[in-house]
Amino acid sequence: MTSIDPSLTPDSPSESPSWYWDENTPGQGERPGYLPEKFKSVADAARSYSELEKRVGSAPNEYSLEKGQSWIEPDYGPFQDMLSLAKSKHVPQEVMDSMLDSVGKYLDEFKIDGTEERAKLGEKAEERLGLLDNWIKSNFTPETHNALSDNLKTAEAILALEEVRNKMLGSSTFIPNSNHEAGTNVPSLQDVQAEMNQNLSKYKTDPIYRRELQGKMEAASKGSNYQDKAAY
């Protein structure tokens, strides 16, 4: 009698497929390497990826920098590195826009309104600035002129430099020989001579005091070496 293979009989149960294309379409052959074991079908894996993308977001092929165009230097190396990192982490354009906008607003807090600062100086602001500029050009190197001019952006800075100029032109500055003298005005020559007469013994015996008094006398008797020019 010929034997019959049980697997060929109609009632023989078939082996369940190891993977599916979708819920109704079984796959053939071995499970593909791109389909993780936790997914029954390719369709399940696709749905999972789609849901993850919605939660995490996806990076564009190239980020738009429109939200930061007022302050960004696109070719700056570290900034390009940041964009590359953001893309590798799938940072979406929406997040990039929010970051660029926030940084822009932060930088705006430190912007100086030149018109507003000049208004603080009154109607003769331009005349005062011209006077300062000519004074700097006449007495300092081009490098110092550029450094000072670049920092005259606020009314406070302008007023401070005007005070320095006035002190120099009035010969009322003093280079102290010790810390306790810092910040004092230059005494007159008569004041220095009177002090020396009152402390003649100390002047003769104390070399430190003698140097201090000599410094005061030199400052009091020395005229200003600074030139001044009126603004054209």
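The values are calculated or read from the model by the stated rules, or taken from the named source; none is laboratory data. Being a predicted model, the structure only gives us computed values, none of them experimental. Positions of Cβ are backbone-derived with ideal geometry, glycine not excepted, and every protein chain shown enters the neighbour counts.
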Return the pairs, sorted by first residue and then second, in which the second residue is surrounded by 10 or more Cβ atoms within 10 Å (Cβ to Cβ) and of a type in the set (D, E, K, R), the first residue lies in the stretch 19-35 and is free of Cβ contacts under 8 Å to residues at least 12 places away in the same chain and assigned to a loop (DSSP other than H, G, I, E, B), the beta carbons are less than 9 Å apart, and the residues are 6+ apart or on different chains.
none
Residue in the stretch 79-95 that is within 30 Å of Pro60 (Cβ to Cβ), at pLDDT 90 or above and touching a helix residue (DSSP H, G or I) at 6+ places or on another chain (Cβ under 6 Å) present:
no
Checking Leu100 against (1) closer than 18 Å to Ser64 by Cβ; (2) out of contact with any Leu (no Cβ under 8 Å at 6 or more places or on another chain): exactly one of these is not met. Which one?
(2)
Could we say that Asn185 is touching a helix residue (DSSP H, G or I) at 6+ places or on another chain (Cβ under 6 Å), at pLDDT below 60 and of a type in the set (S, T, N, Q) here?
no
Restricting attention to the stretch 59-109, and to residues there that are of a type in the set (Gly, Ala, Ser) and in a loop (DSSP other than H, G, I, E, B), which single residue is surrounded by the most Cβ atoms within 10 Å (Cβ to Cβ)?
Ala59
